[in-house]
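Read through the structure below, which is laid out as structure tokens, and then see the notes.
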Amino acid sequence: MPERPDLDYVVPRLDAELRGKTVRSVTVRKPVVLRVAVEGKFEELVAGKTFGPIVRRSHMVLFPIPPLEMVVVPMLAGRFAIAEPGSKAPGDLAVAFDLGEQVLRYRDDVQMGKVYVIPAGKWDLVPGMTKLGLDVLDRKLFTKAAFRALARKRRDQVKVFLMDKSALDSFGNAYADETLFAAGLHPKTLVAKLSDEELDALHDACVSVLRNAKKEIESRKPPLDEKLRDFLMVRGRKGEPCKKCGTKIRSAGVHGHDAEFCPTCQPATRKSAIVDWRRIP
């Protein structure tokens, strides 16, 4: 899914390009992504509406179209593109919005993302939209004390904790893995077993990883529909040598997610662990 650094780059650009533009017509290629919570057909509800300020809310993108709101939840593979009218549509196009001189495209090759139309302000109709986690990049809110207090309530594995959008805003697989690598923590480590010092290190890693990723993406200015991942330390590098120690990067399942990690830099600490990745060629 697009994660915090991706959306912090994409959403302001969508707003700058599209705010105040009126949707002339809508083309739906993959209706499975649509969720309409008001009476009417999606295309007819959106056509003729003018985009208000486009904002990020956790891992979602909110498009005001008074008196309604369109909420896009990109999930694993959703992404946006702004194209010229008449240009060839990609095979993964889900929905296109004709704005006259521009076309906004929502692309999703696995169709896991969702595009909601709801009455303005009825955020309870979109799963996960009302209960948001701590803003990791808010210096006043995301303090070490606040993070410790949050973590002390958890009984799950640390990667699951990081990816809980109701706890933290907002990690997906990639930056959760990067944060755990920076903190030197195995993804299966139980949050309840972490010391105050380890939690403080994890807090600092959360901030530094997201902040540095935002800077990297902003400096390189990729197309809106491109996810930059080539600068990451462990994510997407399974089987490659760790950039720090040379150990082969491994992958393990964590509650339905895959986690990529360095078994030397992030040693397993749970007594129940039955695999020593460092001994496997």
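Summary of computed values
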{"read-out": "The chain, helix-only ellipticity at 222 nm - DSSP H runs n ≥ 4, -39,500 (n - 2.57), divided by all residues, nearest 500", "value": "-7500 deg cm²/dmol"}
{"read-out": "Relative contact order [Cα under 8 Å, 6+ residues apart], segment 134-279, whole percent", "value": "25 percent"}
{"read-out": "Given charges at Cβ of Lys, Arg, Asp, Glu: the chain dipole, positive-most of Thr130, Gly113, Phe181", "value": "Phe181"}
{"read-out": "Relative contact order of the chain, defined on C-alpha pairs under 8 angstrom at six or more residues apart (%)", "value": "17 percent"}
{"read-out": "Pairs from Lys49/Lys159; Lys49/Lys140; Lys122/Lys215; Lys165/Lys238 whose Cα-Cα separation, in the structure shown, is over 32 Å", "value": "Lys49/Lys159; Lys49/Lys140; Lys122/Lys215"}
{"read-out": "Relative contact order of segment 3-52, defined on C-alpha pairs under 8 angstrom at six or more residues apart (%)", "value": "48 percent"}
{"read-out": "About the Cα centre, charge dipole magnitude for segment 134-279 (Lys/Arg +1, Asp/Glu -1 at Cβ), debye", "value": "360 debye"}
{"read-out": "Karplus-derived 3J(HN,Hα), 6.51/-1.76/1.60, for each residue of segment 24-34, Hz, glycine and proline x", "value": "7, 7, 10, 10, 10, 9, 10, x, 4, 7, 7"}
{"read-out": "About the Cα centre, charge dipole magnitude for the chain (Lys/Arg +1, Asp/Glu -1 at Cβ), debye", "value": "780 debye"}
{"read-out": "Over 29 Å (Cα to Cα) - which of Lys131/Lys244; Lys188/Lys227; Lys131/Lys243; Lys88/Lys227 fall in this group", "value": "Lys131/Lys244; Lys131/Lys243"}
{"read-out": "Signed unit charges on C-beta, dipole axis of the chain, positive-most listed residue Val11, Leu76, Leu93", "value": "Leu76"}
{"read-out": "Top positive-direction residue, dipole computed over the chain with Cβ charges, set Pro64, Ile249, Leu141", "value": "Ile249"}
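Every read-out reported here was derived from the displayed coordinates using simple, explicitly stated rules and does not represent laboratory data. What you see is a predicted model; the values in this text were computed from it and never measured. We place every Cβ from the backbone using ideal geometry, glycine too, and count neighbours over all the protein chains shown.
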